[in-house]
1. All but one of (1) in a strand (DSSP E or B); (2) closer than 26 Å to residue A:272 by Cα hold for residue A:383; which doesn't?
2. Checking residue B:28 against (1) touching a residue at least 24 places away in the same chain (Cβ under 8 Å); (2) outside any strand (DSSP E or B), which test does it fail?
3. Where in the range B:190-296 are there helices (runs of 4 or more DSSP H), lying fully within it, with 1 or more residues that are touching a helix residue (DSSP H, G or I) at 6+ places or on another chain (Cβ under 8 Å) and in the same structural domain as residue B:168 (by TED's automatic domain parsing)?
4. Could you list all residues from the range A:21-77 that are small (Gly, Ala, Ser) and over 30 Å from residue A:153 (Cβ atoms)?
5. Among the candidates B:396, B:351, B:365, B:325, single out the residue that is of a type in the set (Gly, Ala, Ser) and either in contact with a helix residue (DSSP H, G or I) (Cβ under 6 Å, 6 or more places away or on another chain) or within 14 Å of another protein chain (Cβ to nearest Cβ) (or both).
6. Could you identify the single residue in A:431, A:400 that is more than 11 Å from chain B (Cβ to nearest Cβ), among the charged types (D, E, K, R) and under 21 Å from the mean Cα position of the chain (by Cα)?
7. What number goes with the only condition from (1) at pLDDT below 95; (2) closer than 23 Å to residue B:279 by Cβ; (3) in contact with an Asp or Glu (Cβ under 9 Å, 6 or more places away or on another chain) that residue B:149 does not pass?
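The values are calculated or read from the model by the stated rules, or taken from the named source; none is laboratory data. What you are looking at is a predicted structure, and each value in this text was computed from that prediction instead of being measured. Backbone-built Cβ (ideal geometry, glycine too); neighbour counts: all protein chains shown.
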Amino acid sequence: MIEVEKLNERDLVAAAVEDAKRYGADLADAFFSQNHELVIEVRNGEVENLKVARESGIGIRLIKEGRLGFAYTSDLGLDSIRETVRAALANARIGSPDLNNVFPAPPEAYPEMELEDRRLQEVPLEEKIRLAQEIEKSGRGYDSRVRITEQASYQESQYHVTIANSLGILASYRGSLCGGYASLVAGDDGDQQTGFGLYFTRKFDELDPEAIGREATFKAVRMLGARRLETRRTAVVFDPYVVTNFLGLIASALSADAVQKGRSLFAGKVGQKVAAEGVTVIDDGTIPKGLMSSPFDGEGVPSQRTFLIKKGTLRGFLHNSYTAARDGVPSTGNAARSSYKSPPEVGTTNFYLAPGEKDPQDIIKNTESGLYLTEVMGMHTANPVSGDFSVGAAGIWIERGELTTPVRGMVIAGNILELLENIDLIGKDLRFFIGTGAPTIRVAGLTVSGQ
Amino acid sequence: MLSKADLEEILQVARRGGDFAEIFIEDKRSTKIGCEDRKIERVITGHEQGAGIRVIRGENTAYGYTNVLKKEELLKLAERVGKAARENPVETIPLVRRESPVKLPVKRRPEEEGIEEKAELVKAAEEAARSVDDKLVRQVTVGYGDVTQRVTIANTDGVYVEDERIRSRLSVNAVAAEGQVIQTGYESAGGTQGLEFFDEEKPVDLGRRAARRALLMLNARRAPAGRMPVVLAGEAGGTMIHEACGHGLEADLAQKGLSVYANRQGEQVASELVTVVDDGTLQGKFGTLRFDDEGNPAQRTVLIEGGILRGYMYDRITASREGAGLTGNGRRESFQHRPIPRMTNTYLAPGDASPDEIIRETRAGLLVRRMGGGQVNTTNGDFVFEVTEGYLIQDGEATVPVRGATLTGNGPEVLKQIDMIGRDFGFSIGICGKDGQGVPVSDAQPTIRIPELIVGGILEEGDCDDRG
């Protein structure tokens, strides 16, 4: 019996592809991923939870007579891989035949990227614990009204991806991420409000625990004493985090998969104006510091930069090999796999609303009255087909260009296309939250339901 | 294969680092079939295995997992997870197997049924949805999923459980379009059964219901905005009770002071009409369990009785922290996660009123026949959820359908306000997310009336707000 440990990942994916061909697949690919994870959660200065993890597995995708089948396993023994290949072939029997089921050929080259911080392996656990403790301490020390730590944590992930396909692709990369998160609760007169701070990066040395803790405190404290507003139509200034929540909805509608299946509000609008003049939306898997950057996507297609909306005009959609073949265009390198357990879907890499020129402070100053929106709830209930949304909202009321009282328990409703058209100011403060980034924006008029 | 003796040895190593050690071994086989655009596109089978080791020392938990199920690997992991603390000499703990009185018979085991059988269920639902109106129904997405999860749970209290959980589910999303209006209808059903589940919950019915809802909503008006009485029909399912009250009664949130229900046992927290129960033993329901993921028997727990808070849902850590009894709510998504208090099947118990009477006694308001997703901020109790099938109530009658409504309110306030409770009962299922872990749950409720809730709709330019 051959022991798994003796096979490296490249041999493993190559063996899986060979097996698939031998059992009769016309085309096959194998995707190996491995993840080492560390999570340290601190409360009241003590390590409350510590998690160390190691996970790996392989996903095998194949095409037989135009039909697609997929199977995965976490057992990397050769017998198990053979069984997985056979399962994928059985699954292909019931798949609908489609000539657009294609795999990419090897590219000339992949972009060079430095995605790994080797220091993560050298920094002792104790130092990472101290970092988490520092996040909590700085947050709680920043304002005495912070009473409860919901979470203060340090997290890191070191990952490795290897892919092979029967057309000759064989490639791999390693990467790492680390970051801190704080969610703190401030209390005053029976009122309790939560705020969060987070920062993730590839470089351990770039982490600033104090900034993370303070941000959480700042956000919790400013919501104390929040009340409900009366229902009205008003200007709304979105903070960058809230904008990224809406970008999630836009991203799914910009996937060619959604367009081809008639569930995108952007279908048939390429070349048309779909947003205000200042709006540019980009997906870029090659940004040097981007947390979702990688040399290639889940099918082995090189990552690239793609303009989706440029100066308000819809330029195109995100593609994987299937959707690209169906539209007769090249793939944009957006075949996304969340792990070895999923076949490549169309997904974003680093997806962002390009910054404008306004200072975010000036956006608030230039707003006579309106809502500074800092939190939305239930974004997943928005309708990606019609673009209608109706979400819980909280924020701070703006009066004569100044932030005044906090407000909560309201609902903001509208349509995403109308929202895009009504963006009248865009800040220069682009900020990424993992894979999605946005600056502060202002939307001219939205219904805010309250009392 | 790991023997009981191996597990005892691994636990012994882990336990050196704390007061308690546990191992959770999982072997999961799953199937997913996705159909969209009249094509079966995604056919996925998976096999995943792994083990998680947990060591608790005082208030601290160390957790580690691996998917290499070899004794040497697990001993290494046990040492790593346990080493956070000083050496604690320990003896071997004999493991005693636990049995459950809850029988969950499965007639047609998913892993023994062919993939073709499952594909037929998907096709039946898809065709039924299309056939409701072949012109207006533009897109139908059907998702089938089954899971066979085998777990072995052992800990240094001597608990040893071997269990198997089998679940099947089917969901249908229909998109209908006419002119510029596009609307969707969603239906899903699932249970702790094999393929025989679909003899009762017929795929054809699910498909038709989803398509009919999408069509109905095409002709719906935009929902009104403002404060009004809301009648939630039993068939709307229990999303509301899950969001507005269930999460706040999970002991971890309550103990951290993150719940509006913290330290309120014995107090009147809801209208006298309100009784809320979590019951993991209901036959065949999506959140049903023989044992939770810590090896404790599932049970029925009364959370609120006649408006009075009776208790919370606990896992091992939270129960021992306050000396409470275990409730069988320690659940986890997989071996990759430590268990935390979670709901199973949670419901608001039925009352006496007839559902029709509740509507008749409401002069003007909103009737909700179907709810979509929701979210709650447990710290302050604010919740929001979407209405996927709603009607205006005018002079005691449900009239025109409305779309785009979202209900927002505050859990404790709503529970105090409920003034009518029906004798009907309806379930909904879902994968509930908390701390990054999804677990299958079901929620249920009768028809209820909430005298005042905020409905978020769209105020057109120039509308005046007659309530402001």
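1. With respect to (1) in a strand (DSSP E or B); (2) closer than 26 Å to residue A:272 by Cα, residue A:383 is out only on (1).
2. (2)
3. Details: elements: B:197-200, B:203-218, B:251-255.
Qualifying helices (runs of 4 or more DSSP H): B:197-200, B:203-218.
4. Taking the range A:21-77 and keeping what is small (Gly, Ala, Ser), we get A:24-25, A:28, A:30, A:33, A:45, A:53, A:56-57, A:59, A:66, A:69, A:71, A:74, A:77.
Scanning the range A:21-77 gives A:24, A:25, A:28, A:30, A:66, A:69, A:71, A:77.
5. Details: B:351 fails: either in contact with a helix residue (DSSP H, G or I) (Cβ under 6 Å, 6 or more places away or on another chain) or within 14 Å of another protein chain (Cβ to nearest Cβ) (or both); B:365 fails: either in contact with a helix residue (DSSP H, G or I) (Cβ under 6 Å, 6 or more places away or on another chain) or within 14 Å of another protein chain (Cβ to nearest Cβ) (or both); B:325 fails: either in contact with a helix residue (DSSP H, G or I) (Cβ under 6 Å, 6 or more places away or on another chain) or within 14 Å of another protein chain (Cβ to nearest Cβ) (or both).
When all the criteria are applied, what remains is B:396.
6. Details: A:400 fails: under 21 Å from the mean Cα position of the chain (by Cα).
Criteria check complete, one pass: A:431.
7. Residue B:149 satisfies every listed condition except (1).
Matching residues to (1) at pLDDT below 95; (2) among the aliphatic types (A, V, I, L, M):
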position	(1), (2)
B:166	no, yes
B:184	yes, no
B:191	yes, no
B:208	no, no
B:262	yes, yes
